[in-house]
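Below is one structure, written out as structure tokens, with a few remarks after it.
The values are calculated or read from the model by the stated rules, or taken from the named source; none is laboratory data. What you are looking at is a predicted structure, and each value in this text was computed from that prediction instead of being measured. For neighbour counting, all protein chains shown are included, and Cβ atoms are generated from backbone atoms with ideal geometry for every residue, glycine included.
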Amino acid sequence: MMDRTSQEAEIIRLLRANGEGHVSGQTISRTLGISRTAVWKHIVSLRNAGYLIEGSPRKGYVLADRHPVPFNSVEITSALDTDLIGREIFFYESIDSTNTKAMELARSGAADGTVVVADGQCKGRGRLGRGWYSPPGVNLYTSIILRPAIPPERAQAMTLLSAVAVAETVGRFSPVRPHVKWPNDVLIASRKVAGILTEMSSETDRVNFMVVGIGVNLNMDPESSDETRRVAASIGKENGRDVERTNFACTLYSVFERWYKTSLKEGFKPVYEAWKGYFDGVGREVRIKGFTNTEGICLGIDGEGALLVRRPSGDIERIISGDVSFSTL
Ligand code: BTN
């Protein structure tokens, strides 16, 4: 039995497939295997969500085209082609932080692949205790709940996997190839377009769950960003054309699912290889601010996803967390 969002997504799909033609209540009821009363309730709920659905007693229903297309769980569900990521969606017009919500849901047992999405966040969280600027109506803020059967030492690898999935998705919407900055910022022309905040709950020997929070600047005006310390960019503004948020979110879930399944089957080697392909820091001077400050030449990453830096003394340091800045090319 489909849940409410899936049924409403199916109704929207049916109406769109018929364009300007009407779809009878009976056809909807038969296609979805639900009563005519249930169809009527869904139509009312879809209208309340902003869809212009005209109804005629003899002909049935027709969806009036409306631009911009709303951003909500019905749209995302009707465009999704995954079988794990995003199959369960919690959508909010406004929320403090999708990561906070996803951690809560995961603690109460939400399934592997469940996602939280918000139109805007009022307390978006970034790495290292920072905030994440999250104005409504323009960007993507989403958190994915994962339950991989891995030991906690592998968590860093999942973080790099997330960066690869985000970079690949950004690359599909941007004519300029994105780069990653260790561990998981995604940049276009040296300016940050996406950030990832990974949080987890684990025992000593296994991960209970992870929450991968992804913020992507799609259509916001970077000038409006209050992140004065970071040089932000947005994909739409770089291209001069807005990015459709549902399309971006569904592409991201689909790409993410492919990498997630690959890593569970083949391990993280393919992930590291792909990550290195997006990384242009090897051989460059790097400075890391963290528990201790380190400077040196970046040598790349090791088999666990840690950053390797050769210090002026010749010693090689393994960095597992911190804020990285490279000298400009
Ligand atoms: C960073 O500092 O680069 C990480 C930013 C992560 C932001 C995303 S937006 C969706 C999710 N919810 C949050 O509160 N943070 C993450």
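Remarks
- For VAL164, the test of being touching a helix residue (DSSP H, G or I) at 6+ places or on another chain (Cβ under 9 Å), within 14 Å of the ligand (Cβ to nearest atom) and touching a residue at least 12 places away in the same chain (Cβ under 8 Å) is failed.
- Enumeration of residues in the range 127-144 that are more than 7 Å from the ligand (Cβ to nearest atom), of a type outside the set (A, V, I, L, M, F, W, C) and in a loop (DSSP other than H, G, I, E, B): TYR133, PRO135, PRO136, GLY137, ASN139
- Scanning the range 34-89 for residues that are surrounded by fewer than 18 Cβ atoms within 10 Å (Cβ to Cβ), in contact with an Asp or Glu (Cβ under 8 Å, 6 or more places away or on another chain) and in a helix (DSSP H, G or I) yields one hit, SER45.
- Top-ranked residue in the range 1-33 [being part of a helix (DSSP H, G or I) and of a type in the set (Val, Ile, Thr); ranked as nearest to the chain's Cα centre (by Cα)]: THR5
- Here the range 279-329 is the region considered, the condition is being surrounded by 14 or more Cβ atoms within 10 Å (Cβ to Cβ) and aromatic (Phe, Trp, Tyr), and the residue that is farthest from ILE196 (Cα to Cα) is PHE326.
- Boolean, LYS123 is out of contact with any Pro (no Cβ under 9 Å at 6 or more places or on another chain), within 13 Å of the ligand (Cβ to nearest atom) and part of a loop (DSSP other than H, G, I, E, B): yes
- Answer from VAL186, VAL170 - the residue that is under 19 Å from GLY236 (Cα atoms), within 15 Å of the ligand (Cβ to nearest atom), at pLDDT 95 or above and not in a strand (DSSP E or B): VAL170
- PRO136 being more than 14 Å from the chain's Cα centre (by Cα), of a type outside the set (Val, Ile, Thr) and surrounded by fewer than 16 Cβ atoms within 10 Å (Cβ to Cβ): yes
- Of all residues in the range 202-230 being over 27 Å from TYR260 (Cβ atoms) and within 13 Å of the ligand (Cβ to nearest atom), the one that is modelled with the highest pLDDT: MET220
- Scanning the range 149-157 finds one or more residues that are part of a loop (DSSP other than H, G, I, E, B) and either touching a strand residue (DSSP E or B) at 6+ places or on another chain (Cβ under 6 Å) or not assigned by TED's automatic domain parsing to the domain that holds ALA189 (or both).
- Condition met for THR98 (crowded, with 21+ Cβ neighbours inside 10 Å, touching a residue at least 12 places away in the same chain (Cβ under 8 Å), over 23 Å from GLU266 (Cβ atoms) and away from the ligand (no atom under 13 Å from the Cβ)): no
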